[in-house]
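**Q** Structure provided below as structure tokens; questions to follow.
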Amino acid sequence: MSRILTALQPSGILHIGNYFGAIAPMVSLQDGNENFLFAVDYHAITVPQDPAELRKNLLFAAATYLAAGIDPEKTTLFQQSRVSEHTELAWILNTIAHMGELERMTQYKDKAAGKGEGVSVGLFDYPVLMAADILLYDTEIVPVGEDQKQHLELARDLAERFNNRFGDTFTVPKPSIPKQGARIMGLDDPAKKMSKSASSEKNFISLMDDEKTVLKKIKSAVTDSGTTIEYTKDRPGLANLLTIYSLASEKSTDAIVAEYEGKGYGDFKVGLAEALSDFLSPLQEKINAHLDDPKELIAILDKGAEKAKAIASEKMRIVRDRIGVTL
Ligand code: TYM
């Protein structure tokens, strides 16, 4: 039995990269482990959020996890801001984190690009709050997509630094990055990861996209001038589409390549769009059913926060004692 933990930002759109990179792996680890999953609302506010939208997005995130197969009896499901120990530990970790290591974070560099002096301190400090999220629960395994690997390294470094200075306190966590789906690329630019903050909606397939939208986006996905369907790193656009096809249909890429032998991009894209819609529509039905009952969602999140708080507050008692502020 291991302690597994992951989190996602409740920022409106969840896309298939989030699903295949983190949500599905979390669901598959659920049985036989002790699991924590939460919506990181205090991370989300590092970029401006409309309060009414944020409230909606929190419920949407919870509905999505449940629809994906998260069982609240097996996984403690909650909202980060409800457990104030996350921000308290982040403050303490701030005192041992180095400016230099945060300046090296590629996600920060990407998000801060072009913002000049106006970039928020929160955006800079984001990875320290993430480290607190993880270390607070003595997490052993963190299922994440490839883009979070660097943040996980920081969490490991901070755990080790704290332990060396104040005595063994935190478990050093390990990332779990799926073999397939760890880095779903943008449909309009297969050199960059699929991202909800991309400038074009054609970059991503949202979990809520309808059949028509999926077909339109897949048809306009960037490929190359080749004519055959094959899986090779030299054709990154096609390789990305084959990966998505495989994850949505649960068929191997080899089986899909065999299915399209002698056929071209036109047939392949129609088949992929169909496979995606077949995967998305039952998920959407379940998400909508959960959204129809917000009271039930809130009750689940309340119960989760209570369970998480009990563990987090005990850990903070130890941390405060170690650093010498307990009299
Ligand atoms: P976020 O909300 O940006 O993304 C949530 C999860 O989705 C994965 N992901 C992808 N996987 C594959 N292909 C993609 N194109 C893709 N885009 C996103 C991410 O790797 C992530 O696993 N900082 C985190 C949230 C966080 C967290 C934590 C995660 C806060 N505290 C503690 C784990 C543990 C983030 O912004 O993820």
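Rule-based calculations on the coordinates, nothing more; no lab input. Everything quoted here is computed from the prediction, not taken from an experiment. With ideal geometry, Cβ positions are generated from the backbone for all residues, glycine too; neighbour counts draw on all protein chains shown.
**Q** What value, in deg cm²/dmol to 500, does the helix sum -39500 (n - 2.57) over DSSP H runs of n ≥ 4 give at 222 nm once divided by the residues of the chain?
**A** That calculation yields -16500 deg cm²/dmol at 222 nm.
**Q** Separate question: Round to the nearest 10 and give me the degree value, 0 to 90, for the angle of helix 149-166's Cα axis relative to the longest principal axis of the chain.
**A** The angle comes out near 20 degrees.
**Q** Charges on Cβ only, +1 for Lys and Arg, -1 for Asp and Glu, centred on the Cα centroid of the chain; of 49, 246, 206, which one is farthest towards the dipole's positive end?
**A** 49
**Q** Another one. What do the square roots of 5 times the Cα gyration tensor eigenvalues come to for the range 26-97, in whole Å, largest first, as semi-axes of the equivalent ellipsoid?
**A** Calculated on Cα positions only, the semi-axes equal 24, 19, 9 Å.
**Q** If you don't mind, another one. Using +1 on the beta carbon of Lys and Arg, -1 on that of Asp and Glu, and nothing else charged, what's the dipole of the chain about the Cα centre, debye to 20?
**A** In total the dipole reaches around 540 debye.
**Q** Toward the positive end of the charge dipole of the chain, about the Cα centre and with charges on Cβ (Lys, Arg +1; Asp, Glu -1), which of 30, 305, 170 goes farthest?
**A** Working it through, the farthest residue towards the positive pole turns out to be 170.
**Q** Please give me, ordered by residue number, the chymotrypsin sites (Phe, Trp or Tyr not before Pro) of the range 114-176 that lie in loop per DSSP and have at most 11 other Cβ atoms within 10 Å.
**A** none
**Q** Kindly flag which residue pairs out of 179/295; 196/295; 115/192; 174/196 have an alpha-carbon separation exceeding 32 Å in this structure.
**A** 179/295
**Q** What is the order of 265, 126, fewest Cβ neighbours within 10 Å to most?
**A** Least to most surrounded, the residues fall as 265, 126.
**Q** Let me ask something additional. For the chain, what does the equivalent ellipsoid look like in terms of its semi-axes, each the square root of 5 times an eigenvalue of the Cα gyration tensor, given largest first in whole Å?
**A** 36, 22, 18
**Q** Using only Cα atoms and rounding to the nearest 10 degrees, what angle (0 to 90) does helix 121-135 make with the longest principal axis of the chain?
**A** Long axis of 121-135 versus the principal axis of the chain: about 80 degrees.
**Q** Taking the chain as the reference, fit the longest principal axis to its C-alpha atoms, fit the long axis of helix 294-323 to the helix C-alpha atoms, and give the angle between the two in degrees, 0 to 90, nearest 10.
**A** 50
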